[in-house]
Amino acid sequence: MRRTPFIPFVSSLAASLVVFAGAIPAAAVTVVHTCGQETTGPATLADDLDCTGFDGNALTMHGGTLTMNGHTITGGFIGVSCDKSCKIVGPGTVTASTFAGVNALEAGLKMTQVDVTDCGVFGAQVWDTATISGPATFSGHGTAIRVGVRAKLKDLTITGNHTGVEAANNADVGSILVQGSTISGNEAYGLLAQRAIKMKDSTVADNGRTGVLSGLVCDKKSGATLVRSTVTGNGTAPECGSGPVCADVATCNKRPRVKTGSTCGTSYQIGSGNPGSNWDVCTLD
């Protein structure tokens, strides 16, 4: 009698699952080509998007990831607006928006290798946490980067703005971590936070008022830590001395931690008056 070959049930099921899994379609990628366009999920720029004179958002992202492919978004009230947490991947440039280059409304932002230049108020305004890495340049803004919760910044050049980085919100929890970056030549402050500021392998120099100011909220969670970093030459504005006290590093109730391999020029104890007291931790104190 001829025998019928036995086919194991598990192997048949596995084969069926492989076929089924392979049949799942990949998420569609939206090509951005029109000013005012809205996207959900993955999106990409195939060409530059010029929205000069456009009074809306050049692009609104309802979450997802935008891949810029080396292209530029120009103009709009906001260059890229995110109403859910979003990600922007360069290389690419966002420039000349009348309000903000990138705005994450009640959301967080992750952005890599995107230059943001010459926007009216903010380079990037992020209501939650911003994780921004370069190499990338932020220049020509009122405030280059403003966050509500925490700024995590790496390999950035932030120069030629009114203020470099500001971290503040109504919950008084704003803090900054910056690595491998240069914050210099800004009209007022370099780094300004309600609570802690930590620098690693970074330089804050030649800003008009205070280079590193931590302590808009005076409590044990505020303070400044310098790790292999340099904070010098700040306080160049004409009003320094006659009006606000300017310094390289200013903290409220905790002595700045200037670790081995770091240097600062001057320090100031916030709230100690004018000329006030220093912390005796910098070379010119």
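The values are calculated or read from the model by the stated rules, or taken from the named source; none is laboratory data. Everything numeric in this text was worked out from a predicted model, so none of it was measured. All Cβ positions, even for glycine, are placed from backbone atoms using ideal geometry, and neighbour counts span all protein chains on display. Areas reflect the complete protein model, heavy atoms only, side chains present, ligands, DNA and RNA absent. Shrake-Rupley method; radii C 1.70, N 1.55, O 1.52, S 1.80 Å.
Collect the residues in region 45-63 that are open to solvent by 30 Å² or more (accessible area, probe 1.4 Å) and either more than 18 Å from Pro91 (Cα to Cα) or not in a loop (DSSP other than H, G, I, E, B) (or both), keeping them in residue-number order.
Kept after step one, since they are open to solvent by 30 Å² or more (accessible area, probe 1.4 Å), are these residues of region 45-63: 46-48, 50, 52-55, 57, 62.
The answer is Asp50, Thr52, Gly53, Phe54, Asp55, Asn57, His62.
Condition (residue is among the β-branched types (Val, Ile, Thr), out of contact with any helix residue (DSSP H, G or I) (no Cβ under 9 Å at 6 or more places or on another chain) and either within 19 Å of Lys259 (Cβ to Cβ) or open to solvent by less than 40 Å² (accessible area, probe 1.4 Å) (or both)) applied to region 155-164: is it met by at least one residue? Yes, because at least one residue in region 155-164 is among the β-branched types (Val, Ile, Thr), out of contact with any helix residue (DSSP H, G or I) (no Cβ under 9 Å at 6 or more places or on another chain) and either within 19 Å of Lys259 (Cβ to Cβ) or open to solvent by less than 40 Å² (accessible area, probe 1.4 Å) (or both). Listed by first and then second residue, the pairs linking a residue in region 105-127 that is hydroxyl-bearing (Ser, Thr, Tyr) to a residue that is in a loop (DSSP other than H, G, I, E, B) and buried (at least 20 other Cβ atoms within 10 Å of the Cβ), with Cβ atoms under 9 Å apart and 6 or more places separating them unless they lie on different chains, are Thr117/Ala96; Thr117/His141. Restricting attention to region 135-149 and to residues that are in contact (Cβ under 8 Å) with a residue 24 or more places away in the chain, farther than 26 Å from Ala237 by Cβ and out of contact with any Phe, Trp or Tyr (no Cβ under 7 Å at 6 or more places or on another chain), the residue that is least open to solvent (accessible area, probe 1.4 Å) turns out to be Ala136.
In the set (1) farther than 17 Å from Ala167 by Cα; (2) touching a strand residue (DSSP E or B) at 6+ places or on another chain (Cβ under 8 Å); (3) open to solvent by 10 Å² or more (accessible area, probe 1.4 Å); (4) not charged (D, E, K, R), the condition left unmet by Leu216 is number (1). For Arg257, are the conditions met, namely being of a type outside the set (Val, Ile, Thr), modelled with pLDDT of 95 or more, open to solvent by 30 Å² or more (accessible area, probe 1.4 Å) and under 15 Å from Ala205 (Cα atoms)? So Arg257 does not fit the description; no. Can you find even one residue in region 150-173 that is within 22 Å of Leu105 (Cα to Cα), touching a residue at least 40 places away in the same chain (Cβ under 8 Å), touching a strand residue (DSSP E or B) at 6+ places or on another chain (Cβ under 9 Å) and not in a strand (DSSP E or B)? Checked region 150-173: at least one residue is within 22 Å of Leu105 (Cα to Cα), touching a residue at least 40 places away in the same chain (Cβ under 8 Å), touching a strand residue (DSSP E or B) at 6+ places or on another chain (Cβ under 9 Å) and not in a strand (DSSP E or B). Taken over region 81-100, residues that are assigned to a strand (DSSP E or B) and surrounded by fewer than 21 Cβ atoms within 10 Å (Cβ to Cβ) amount to 7.
In region 174-187, which residue that is open to solvent by less than 10 Å² (accessible area, probe 1.4 Å) and assigned to a loop (DSSP other than H, G, I, E, B) is farthest from His141 (Cα to Cα)? Can you show your working first?
First pass over region 174-187, keeping only residues open to solvent by less than 10 Å² (accessible area, probe 1.4 Å): 174, 176, 178, 181, 183, 186.
Next, only the ones that are assigned to a loop (DSSP other than H, G, I, E, B) stay: 174, 181, 186.
Values: Gly174: 20, Ser181: 18, Asn186: 10 Å.
Only one residue tops the list, namely Gly174.
Being among the charged types (D, E, K, R), open to solvent by less than 50 Å² (accessible area, probe 1.4 Å), touching a residue at least 12 places away in the same chain (Cβ under 8 Å) and not in a loop (DSSP other than H, G, I, E, B), is that true of even one residue in region 188-209? No, the conditions are met nowhere in region 188-209. Being of a type in the set (A, V, I, L, M), over 23 Å from Lys152 (Cα atoms) and open to solvent by less than 60 Å² (accessible area, probe 1.4 Å) holds for only one residue in Ala250, Ala224, Ala237, and it is Ala237. Within region 102-122, the residues that satisfy the criterion of being open to solvent by less than 50 Å² (accessible area, probe 1.4 Å) and assigned to a strand (DSSP E or B) are Val102, Asn103, Ala104, Leu109, Met111, Thr112, Val114, Val116, Thr117, Phe122.
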